[in-house]
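Written below as structure tokens is the structure these notes are about.
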2 protein chains.
Amino acid sequence: MRVLVCGGDGFCGWPTSLYLSRQGCEVSILDNFLRRQWDTELGTQSLVPIATLSERVQRWKELTGRTIRTYIGDMTDHAFLEDVLRQERPDGVVHFAEQRSAPYSMIDRQHAVFTQVNNVVGTLNLVYAIRDIVPDCHLVKLGSMGEYGTPNIDIEEGYLKIEHNGRSDVLPYPKQPGSMYHLSKVHDSHNILFACRVWDLRATDLNQGVVYGVQTEDTSADEVLYNRFDTDEVFGTALNRFIAEAAVGQPLTVYGSGGQTRGFIQIRDTVRCIELALLHPADRGQCRVFNQFTQQFSILDLASRVANVAKELQLAVDVTHVANPRVEREEHYYKAAHTKLVDLGLTPHLLDEALLRELIQLAIRYRERIRLDKILPSVQWR
Amino acid sequence: MRVLVCGGDGFCGWPTSLYLSRQGCEVSILDNFLRRQWDTELGTQSLVPIATLSERVQRWKELTGRTIRTYIGDMTDHAFLEDVLRQERPDGVVHFAEQRSAPYSMIDRQHAVFTQVNNVVGTLNLVYAIRDIVPDCHLVKLGSMGEYGTPNIDIEEGYLKIEHNGRSDVLPYPKQPGSMYHLSKVHDSHNILFACRVWDLRATDLNQGVVYGVQTEDTSADEVLYNRFDTDEVFGTALNRFIAEAAVGQPLTVYGSGGQTRGFIQIRDTVRCIELALLHPADRGQCRVFNQFTQQFSILDLASRVANVAKELQLAVDVTHVANPRVEREEHYYKAAHTKLVDLGLTPHLLDEALLRELIQLAIRYRERIRLDKILPSVQWR
């Protein structure tokens, strides 16, 4: 299978590219290195030093004999994107190539507009290019569990059967996204559903939960293959923040009460989910939606787990609460379906103490690279 | 009340500006004249010749003594938009300033991307400018009934109470928009709802049906005030197409079976609905949705009505069916709520033979300006 990974230099894209390459896919990567540029903009860096993409693919070739072709450019440049599809003629395109930070999108108007235009135009260009060049190609698009928000009813996988005034229909699940970034993903989802319906494209929209962990079997094989690990307030997650705080002996900062509950998935499961979606493509005309997460946790629960492991490692950590920079419900109902990927064969790796210990030890190893002033929240939703 | 009408030179915006001015509002208009430029691009024109905006507001001043200030520029230029809000400090902004043609958005990739970027960025810039400059200002945003598509359940006004697995919530009504343009309106709706929730803005999202008619009491007062009347395939509606075809003795061309049913509203009711929304503003933090139409018709029903009136006028017209250039259900359930504007005081003008006669006679008066080659469909959805 020929697979193009858009955003293949990023946190999810890089391990996915290696995993698919090892499984025997002919993998190519499209990336514009914006993720690296945002570190320059924000004065942040991956806790784990990472090699350049050309170093990465060269080392992969040396270690495995497998070639990963690279195309450096921007998906909002449709001529570039069309050229890549014409050269590669992929069977599947995995689309990670979006601005994926909620805080980044909430910095100001300019960052909100950039996020929505970048994500929406890149995805529109991709569906048009697939339609025109490789109409049978399967689009595997990364969405977010954050598209759903926190409704007071069960979250289903993309669609909901609704009974109303004695009639019924199956309709797209109503979305209540919580940031300009999450809104961009909702826009994408509507655009892709339309493209499948009107042009008979095939797509799988993966509403991914918060990804945790860093390395996979492939990225840990060599330092040059190491994956990035973000702990800053803009691109880091709550769990990564807690791990960095624990490593430097600072209190773990929970936003608000910490009752916010979300779906989580380990990076080793992300790569397997992408493989499963590719191995079982959507039908022509079908826009399939899977909820790609394996466990639910509240933020406070995560902080407690990190604190407990940190104590075993003789790190003195407290859990503290800081004013929530976001506008979100802090106590709410949350139950989201996530059976479709399991039905296809996913065996989840669950969050355990061993992994938390490994992550904290990794953060301790690179603790001189942690900048506390980049961890505490400065971007405000209001 | 100080009201800024964005897109105030257009088909809905111009009569709305005059109507609000006559009711005593202090009206200003923001427009970039893109609607006039699209006529140049497409080789089309308003069936009724229209004056320039500066001629229009000058004549209005001569006739009524009322001043309408004008700001010529683009809402995607945030510095320009912010300047206008700082100068005007409006109590209400009526936002018509979007690319509003489904076929235009479906011409090709470039037109789709333009439509979504133009509409989404203009609206994002507006909500940020309102937040930063006039946070108490009421945003009255034109959406479309086409955002809902044709679900097999009753369409409600923006939100739907959903019971699911023994729990319930009131959620945004699930949308199934049928073109890249309608998608842009759905994106706007999500963005505006978020802005109201996070920044305590106040907004009314008016999901307007297909607008018919041409003149209002104000625009018909003088030839220089005349409103535009589009009959071409891109910016004209089905009803306008039938009227133009009748005027030149051509068969009325129904797309497909003609069972497609939509909500319709007369231009004289559009201006009143805007006034009602402004007179009864949404609360801070509230994103209110009204369905702004007064009657439902199938396309075939409309063609029959036009044909009957045309026959009384001694015009020989048949109703014919042409291949549907759109991807849409041609036979479907359709029942949409539209009581909220009536509750606020709307007394609908219903479609009658007198109006159809008037429209056909208008088209006959300007029949030398009708270009048949611009009426038949060329833009294909597939």
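The values are calculated or read from the model by the stated rules, or taken from the named source; none is laboratory data. In this text the structure is predicted, and so the values were computed from the model without any measurement. In this analysis, Cβ positions are derived from the backbone assuming ideal geometry, glycine residues included, and neighbour counts consider all displayed protein chains. What goes into the accessible areas is simple: the full protein's heavy atoms, side chains included, and nothing from ligands, DNA or RNA. Shrake-Rupley method; radii C 1.70, N 1.55, O 1.52, S 1.80 Å.
Values computed for the structure shown
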{"item": "Residue count for region B:256-281, restricted to those that are part of a loop (DSSP other than H, G, I, E, B), touching a Leu at 6+ places or on another chain (Cβ under 8 Å) and either open to solvent by less than 20 Å² (accessible area, probe 1.4 Å) or over 19 Å from B:L344 (Cβ atoms) (or both)", "result": "3"}
{"item": "Odd one out for B:V211, checked against (1) surrounded by fewer than 24 Cβ atoms within 10 Å (Cβ to Cβ); (2) more than 14 Å from every other protein chain (Cβ to nearest Cβ); (3) not in a strand (DSSP E or B)", "result": "(3)"}
{"item": "Unique residue being closer than 30 Å to B:K161 by Cβ and touching a helix residue (DSSP H, G or I) at 6+ places or on another chain (Cβ under 9 Å) when the list is B:L315, B:L278, B:L372", "result": "B:L278"}
{"item": "Leading residue by the ranking (farthest from the chain's Cα centre (by Cα)) among those in region A:310-337 that are basic (K, R) and under 17 Å from A:T261 (Cα atoms)", "result": "A:R329"}
{"item": "Scope region A:233-255; condition open to solvent by 10 Å² or more (accessible area, probe 1.4 Å) and assigned to a loop (DSSP other than H, G, I, E, B); matching residues", "result": "A:E233, A:V234, A:G236, A:T237, A:V248, A:G249, A:Q250, A:P251"}
{"item": "Filtered residue count, region B:311-333, keeping only those that are at pLDDT 95 or above and touching an Asp or Glu at 6+ places or on another chain (Cβ under 9 Å)", "result": "4"}
{"item": "Filter result for A:L126 (crowded, with 24+ Cβ neighbours inside 10 Å, among the aliphatic types (A, V, I, L, M), at the interface with another protein chain (Cβ under 8 Å from one of its Cβ atoms) and part of a helix (DSSP H, G or I))", "result": "no"}
{"item": "Residue in region B:66-83 that is among the aromatic types (F, W, Y) and surrounded by fewer than 22 Cβ atoms within 10 Å (Cβ to Cβ) present", "result": "yes"}
{"item": "3 or more residues without any contact (Cβ under 8 Å) to a residue 12 or more places away in the chain and more than 14 Å from chain B (Cβ to nearest Cβ): qualifying helices (runs of 4 or more DSSP H) within region A:286-382", "result": "A:353-365"}
{"item": "B:A195 vs. criteria hydrophobic (A, V, I, L, M, F, W, C), touching a residue at least 24 places away in the same chain (Cβ under 8 Å), open to solvent by less than 10 Å² (accessible area, probe 1.4 Å) and not in a strand (DSSP E or B)", "result": "yes"}
{"item": "Qualifying residue in region A:86-103 (condition: in a helix (DSSP H, G or I) and within 14 Å of A:D230 (Cβ to Cβ))", "result": "yes"}
{"item": "Of the criteria (1) part of a helix (DSSP H, G or I); (2) in contact with a Ser or Thr (Cβ under 7 Å, 6 or more places away or on another chain), which one A:S189 fails", "result": "(2)"}
{"item": "Hits in region A:26-43 - residues which are open to solvent by 10 Å² or more (accessible area, probe 1.4 Å), of a type outside the set (D, E) and within 22 Å of A:G73 (Cα to Cα)", "result": "A:N32, A:F33, A:L34, A:R35, A:R36, A:Q37, A:W38, A:T40, A:L42"}
{"item": "Unique match (being in contact (Cβ under 8 Å) with a residue 24 or more places away in the chain, charged (D, E, K, R), within 9 Å of chain B (Cβ to nearest Cβ) and open to solvent by less than 20 Å² (accessible area, probe 1.4 Å)) among A:D230, A:D154, A:D188, A:D218", "result": "A:D154"}
{"item": "Residue within region B:77-91 that is of a type in the set (G, A, S), touching a residue at least 24 places away in the same chain (Cβ under 8 Å) and on the phi < 0 side of the Ramachandran plot present", "result": "no"}
{"item": "Residue check, B:S168 facing chain A (nearest Cβ under 10 Å), free of Cβ contacts under 8 Å to residues at least 12 places away in the same chain and open to solvent by 20 Å² or more (accessible area, probe 1.4 Å)", "result": "yes"}
{"item": "When residues of region B:84-116 are limited to those that are exposed (fewer than 15 other Cβ atoms within 10 Å of the Cβ) and more than 27 Å from B:T219 (Cβ to Cβ), the one farthest from the chain's Cα centre (by Cα)", "result": "B:R86"}
{"item": "Odd one out for B:D200 among (1) crowded, with 22+ Cβ neighbours inside 10 Å; (2) more than 24 Å from B:R329 (Cα to Cα); (3) within 14 Å of chain A (Cβ to nearest Cβ)", "result": "(1)"}
{"item": "Options A:E88, A:E163: the member that is more than 8 Å from chain B (Cβ to nearest Cβ) and modelled with pLDDT of 95 or more", "result": "A:E88"}
{"item": "The one condition in (1) within 30 Å of B:G178 (Cα to Cα); (2) surrounded by fewer than 23 Cβ atoms within 10 Å (Cβ to Cβ); (3) more than 14 Å from chain B (Cβ to nearest Cβ) that A:D205 fails to fulfil", "result": "(2)"}
{"item": "Residues being open to solvent by 10 Å² or more (accessible area, probe 1.4 Å) and either assigned to a helix (DSSP H, G or I) or in contact with a helix residue (DSSP H, G or I) (Cβ under 7 Å, 6 or more places away or on another chain) (or both) - total across region A:44-59", "result": "8"}
{"item": "Filtered residues of region A:134-151 (kept if part of a loop (DSSP other than H, G, I, E, B), surrounded by 23 or more Cβ atoms within 10 Å (Cβ to Cβ) and touching a Gly at 6+ places or on another chain (Cβ under 9 Å))", "result": "A:C137"}
{"item": "Region A:38-84: number of residues that are of a type in the set (K, R) and more than 18 Å from A:G10 (Cα to Cα)", "result": "2"}
